[in-house]
1. For residues that are closer than 18 Å to W15 by Cβ, in a loop (DSSP other than H, G, I, E, B) and of a type outside the set (S, T, Y), tally how many sit in region 79-90.
2. In this structure, does R85 turn out to be in contact (Cβ under 8 Å) with a residue 12 or more places away in the chain, out of contact with any His (no Cβ under 6 Å at 6 or more places or on another chain) and not small (G, A, S)?
Amino acid sequence: MNGQLCEAVIKRDKWVEHLKEKAEHTAKVTYNNERATMILNTTYKTATEGNLIPDRETLVTRIGNMIKSPNSNWSEKKPKWELPRTYFDA
């Protein structure tokens, strides 16, 4: 090694910075006090009884769909932050 950071480390550092910026934006802009209180007071039981999520299977399916088929906004940004699949291979 020549002491320079590899591309994966540089991408990871950029990703961490991006996440910090998003977290700050979310805390300041996306959720006001009323919205945050509503979220904090919505338990799994409340969500399922209130027909927000009909059952556990639907919840698991929704989470899986978000991971497997991200929305177009995330799909466009994802390659910029992704590490190669072999990154953690020995």
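Only the coordinates and a few stated rules stand behind these numbers; no lab work does. The model shown is predicted, which means the values in this text are computed figures rather than measured ones. In this analysis, Cβ positions are derived from the backbone assuming ideal geometry, glycine residues included, and neighbour counts consider all displayed protein chains.
1. Start the filter on region 79-90 by keeping residues that are closer than 18 Å to W15 by Cβ, which leaves 79-88.
Going one step further and asking which of them are in a loop (DSSP other than H, G, I, E, B), we end up with 82-88.
This time we only want the ones that are of a type outside the set (S, T, Y), so: 82-85, 88.
Matching residues across region 79-90 total 5.
2. Details: in contact (Cβ under 8 Å) with a residue 12 or more places away in the chain: no; out of contact with any His (no Cβ under 6 Å at 6 or more places or on another chain): yes; not small (G, A, S): yes.
No: the conditions fail for R85.
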